[in-house]
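*Asks:* Got a structure for you, written out below as C-alpha cells; questions coming shortly.
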Amino acid sequence: MKNILFLGHYLWKQPRVIITPHVAYRSEKYSKRVWLVAREDLRRYVAGEALLSQVDLVKGY
C-alpha cells in the first residue's frame, strides 16, 4: 500500500492541515531500536561513513 504524499499534493498547501508520520504503535523495544539506529547514524555521520537511514529523493522518502 502506498500512502506517500508527493511534493505537489494539494494537502501540503492546506493551512489547516498538519501532516505527520504514521506512528501508531510504540513500545520499549521500538524506542530502544530507534535510539540505537539514531546513535549509529550519528556515529557514521561524524566518521564520514554512509548512513543507515538515508532519504531517497526519487522515491520521495
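Each value in this text was obtained by applying a stated rule to the coordinates, not by laboratory testing. Because the structure is a prediction, the values reported are computed rather than measured. Here the Cβ positions follow ideal geometry from the backbone for every residue, glycine too, while neighbour counts run over all protein chains shown.
*Asks:* Using alpha carbons only, how many degrees (0 to 90, rounded to 10) separate the axis of helix 28-47 from the longest principal axis of the chain?
*Replies:* 70
*Asks:* What 222 nm value per residue comes from the helices of the chain, counting each DSSP H run with n ≥ 4 as -39,500 (n - 2.57) and dividing by all residues, nearest 500 deg cm²/dmol?
*Replies:* -11500 deg cm²/dmol
*Asks:* Something else about it: Which of 42, 54, 19 sits farthest toward the positive end of the charge dipole of the chain, with +1 on the Cβ of Lys and Arg and -1 on the Cβ of Asp and Glu?
*Replies:* Value: 19.
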